């Protein structure tokens with residue numbers, strides 16, 4: 001079952017205290033690090049920042065989470081059941097970043113050098129710790145919110161969800177820790193526990209089940225400027241606020257290293273909201289936010305110097 005579907009979500013992040021990022025290693029200041037290197041070096045310490053960010057977004061209503069009814073699925077489920085699986089992921093706020101793609105890093109290399117380049121870049125299936133943490137943080141924040149919204153008491157599910165989160169975080173942070181072989185098995189065990197509580201307590205809570213099965217939703221757009229000749233770079237709002245939370249200047253691409261430019265005027269696999277910075281040869285500059293949620297594949301977006 002495919003969980004790569006992207007939800008249409010309006011992003012508004014809450015700034016977090018940056019002390020967590022730097023307290024554990026006083027020998028390395030935030031100003032000397034990049035956002036990516038902070039996460040890569042200390043993923044387990046950086047994770048609470050990402051998790052609190054998503055939890056705050058959900059609580060503030062910046063991220064709208066909806067229950068998915070299973071009445072129309074072919075698989076047998078209890079009447080009125082909703083899916084424990086959220087088709088949105090943390091990457092919905094990020095889109096595709098060529099800088100983390102080994103194939104993009106090795107583009108243009110002769111075929112004889114490709115294997116060595118891919119190995120140096122981290123392998124064909126290189127994992128980006130920030131993306132992995134974002135996925136986990138959103139998944140757990142969403143799951144907790146939905147269980148509370150359905151009315152299931154935390155005393156029934158809290159310990160089990162905490163254990164799921166710890167296991168998956170360790171699998172991200174440590175190469176020698178394997179994630180569950182069946183990605184949905186912990187959810188199925190949780191669903192059985194919740195159904196047992198529902199039956200034994202005689203409550204009228206909605207039943208839950210595990211279905212998943214989601215489709216994709218990123219798009220690619222063409223970027224132009226008015227007047228022509230402008231240079232535009234973009235960063236997902238999530239990364240912009242994460243850099244701020246890490247004690248980094250979110251507008252400095254040297255430290256906040258998730259800014260990217262369109263390739264031949266094309267910005268691939270975007271979703272959610274982005275911060276942009278546009279500059280022109282005459283010295284004109286414009287900064288702002290763009291939302292890609294309601295755009296269509298191949299649509300042209302024009303960044304204007306004025307107006």
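The values are calculated or read from the model by the stated rules, or taken from the named source; none is laboratory data. Just so you know, these numbers come straight off a predicted model, no measurement behind them. FYI the Cβ positions are ideal-geometry reconstructions off the backbone, even for glycines, and counts take in every protein chain you see.
Mind checking whether some residue in the stretch 196-204 is over 30 Å from residue 289 (Cα atoms), surrounded by 14 or more Cβ atoms within 10 Å (Cβ to Cβ), more than 21 Å from the chain's Cα centre (by Cα) and assigned by TED's automatic domain parsing to the domain that holds residue 139? Spell out how you get there, then give the answer.
Step one: filter the stretch 196-204 for residues over 30 Å from residue 289 (Cα atoms), giving 196-204.
Those left that are additionally surrounded by 14 or more Cβ atoms within 10 Å (Cβ to Cβ): 197-198.
With more than 21 Å from the chain's Cα centre (by Cα) added as a condition, the list becomes 197-198.
This time we only want the ones that are assigned by TED's automatic domain parsing to the domain that holds residue 139, so: 197-198.
Yes, the stretch 196-204 contains at least one residue that is over 30 Å from residue 289 (Cα atoms), surrounded by 14 or more Cβ atoms within 10 Å (Cβ to Cβ), more than 21 Å from the chain's Cα centre (by Cα) and assigned by TED's automatic domain parsing to the domain that holds residue 139.
Output the residue which, of all residues in the stretch 282-307 that are farther than 16 Å from residue 266 by Cα and not in a strand (DSSP E or B), is modelled with the lowest pLDDT.
Applying the filter and picking the extreme gives 307.
Assuming residue 249 fulfils every condition listed in (1) surrounded by 17 or more Cβ atoms within 10 Å (Cβ to Cβ); (2) within 26 Å of residue 283 (Cα to Cα); (3) in contact with a helix residue (DSSP H, G or I) (Cβ under 8 Å, 6 or more places away or on another chain) apart from one, which condition is it?
Result: residue 249 passes all but (1).
Filter the stretch 30-58 for residues that are more than 16 Å from residue 131 (Cα to Cα) and either under 14 Å from the mean Cα position of the chain (by Cα) or in contact (Cβ under 8 Å) with a residue 12 or more places away in the chain (or both) and give the result. Walk me through it before giving the result.
Step one: filter the stretch 30-58 for residues more than 16 Å from residue 131 (Cα to Cα), giving 30-33, 55-58.
Those that are more than 16 Å from residue 131 (Cα to Cα) and either under 14 Å from the mean Cα position of the chain (by Cα) or in contact (Cβ under 8 Å) with a residue 12 or more places away in the chain (or both): 30, 31, 33, 55, 56, 57, 58.
Limited to the stretch 222-239, what total is found for residues that are touching a residue at least 60 places away in the same chain (Cβ under 8 Å) and assigned to a loop (DSSP other than H, G, I, E, B)? Please lay out each step first, then the result.
Of all residues in the stretch 222-239, those touching a residue at least 60 places away in the same chain (Cβ under 8 Å) come to 222-227, 230, 232, 236-239.
Retained after the next criterion (residues that are assigned to a loop (DSSP other than H, G, I, E, B)): 227, 230.
Adding up the residues that qualify gives 2.
Those residues that are touching a strand residue (DSSP E or B) at 6+ places or on another chain (Cβ under 8 Å), outside any loop (DSSP other than H, G, I, E, B) and at pLDDT below 85, I need them from the stretch 240-273; list them, please. Show your work before the answer.
Step one: of the stretch 240-273, the residues touching a strand residue (DSSP E or B) at 6+ places or on another chain (Cβ under 8 Å) are 240, 250-251, 253, 256, 258-262, 265-273.
Cutting the leftovers down to outside any loop (DSSP other than H, G, I, E, B) gives us 240, 260, 266-270, 273.
Once the filter is applied, which keeps residues that are touching a strand residue (DSSP E or B) at 6+ places or on another chain (Cβ under 8 Å), outside any loop (DSSP other than H, G, I, E, B) and at pLDDT below 85, the stretch 240-273 yields 266, 267, 268, 269, 270, 273.
From the list 74, 55, 30, 24, which residue is modelled with pLDDT of 70 or more and in the same structural domain as residue 137 (by TED's automatic domain parsing)? Please lay out each step first, then the result.
Details: 74 fails: modelled with pLDDT of 70 or more; 30 fails: modelled with pLDDT of 70 or more; 24 fails: modelled with pLDDT of 70 or more.
Exactly one of 74, 55, 30, 24 is modelled with pLDDT of 70 or more and in the same structural domain as residue 137 (by TED's automatic domain parsing), namely 55.
With the structure loaded, tell me whether residue 167 is free of Cβ contacts under 8 Å to residues at least 24 places away in the same chain, closer than 20 Å to residue 136 by Cβ and either surrounded by 13 or more Cβ atoms within 10 Å (Cβ to Cβ) or in the same structural domain as residue 141 (by TED's automatic domain parsing) (or both) or whether it fails that test.
Numbers: free of Cβ contacts under 8 Å to residues at least 24 places away in the same chain: yes; closer than 20 Å to residue 136 by Cβ: yes; either surrounded by 13 or more Cβ atoms within 10 Å (Cβ to Cβ) or in the same structural domain as residue 141 (by TED's automatic domain parsing) (or both): yes.
Yes.
Does residue 97 meet the test of being surrounded by 15 or more Cβ atoms within 10 Å (Cβ to Cβ) and either at pLDDT below 75 or out of contact with any helix residue (DSSP H, G or I) (no Cβ under 9 Å at 6 or more places or on another chain) (or both)?
Numbers: surrounded by 15 or more Cβ atoms within 10 Å (Cβ to Cβ): yes; either at pLDDT below 75 or out of contact with any helix residue (DSSP H, G or I) (no Cβ under 9 Å at 6 or more places or on another chain) (or both): yes.
Against the criterion (surrounded by 15 or more Cβ atoms within 10 Å (Cβ to Cβ) and either at pLDDT below 75 or out of contact with any helix residue (DSSP H, G or I) (no Cβ under 9 Å at 6 or more places or on another chain) (or both)), residue 97 qualifies.
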